[in-house]
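The values are calculated or read from the model by the stated rules, or taken from the named source; none is laboratory data. Since the structure is predicted, the reported quantities are computational estimates derived from the model, not experimental observations. Please note: Cβ atoms are built from the backbone with ideal geometry, for glycine as well, and neighbour counts cover all protein chains shown. Calculation scope for accessible area: heavy atoms of the full protein, side chains included, ligands and nucleic acids excluded. Shrake-Rupley method; radii C 1.70, N 1.55, O 1.52, S 1.80 Å.
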Amino acid sequence: ILLNPFIDNPENFRLSNLFISLAVPVLLFFSIKQNYKYLSYDLVILYSLIITLSPYFRTTSYWSLGENYGIIFLLLSYIFYQKVEKNLKNNTGYQIYISIFFLCFSSSLIVYFDQKLVFIPFLILYLISCLKITLSQKFCALLFFFIFALPYFYLMYLWEGIIPPSAIEGR
């Protein structure tokens, strides 16, 4: 509700979700451009718009399903991971901690939007552990992930499982 306040009117909710889903090609553009600096803008725009050809992406955008929010935060996590690597090369001390915080935060939010992407925070944690950063920075990332996982642990306690009881009944 906080991310999309148009919950009262179904048509406005679908339309607003469609506009929020348009962030996916934009974030994909920045991800591709950041990783492949030699590509021309025309080619990067073409690559980033390919996702809009997917019927799955278009359907979830229009019918207000939550998968696209997970994709948005997946792309944000990738952008923040690239920022951590860049800060590591530039040897900026406190900016690495800030980048690690946003990386852990964005990758933790993926699980709250789409539970089938639960492996992404584990992958990010593994990638952070493989980086050549100090032990305190790795511990800080582990602490951030633990703090951001606490609400999900509480939900698992309330649900008595990893998915909601309504989803279990539906299956």
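For n ≥ 4 DSSP H runs only, could you compute -39500 (n - 2.57) per run for the chain, divide by its residues and tell me the 222 nm figure to the nearest 500?
Helices in the chain give a 222 nm mean residue ellipticity of -24500 deg cm²/dmol.
What is the packing order of peptides 107-120, 67-80, taking the mean over residues of other C-beta atoms within 10 Å and listing the highest first?
67-80, 107-120
Suppose all protein chains stay in the model; what accessible area per residue would a 1.4 Å probe give for the chain, in Å²?
64 Å²
Suppose R0 equals 30 Å; then what is the FRET efficiency for Lys37 and Leu131 from their Cβ-Cβ distance, rounded to the nearest 0.05?
Efficiency, from the Cβ-Cβ distance: 0.90.
Can you give the FRET efficiency to the nearest 0.05 for Phe13 and Tyr112, using r as the Cβ-Cβ distance and R₀ = 25 Å?
0.85
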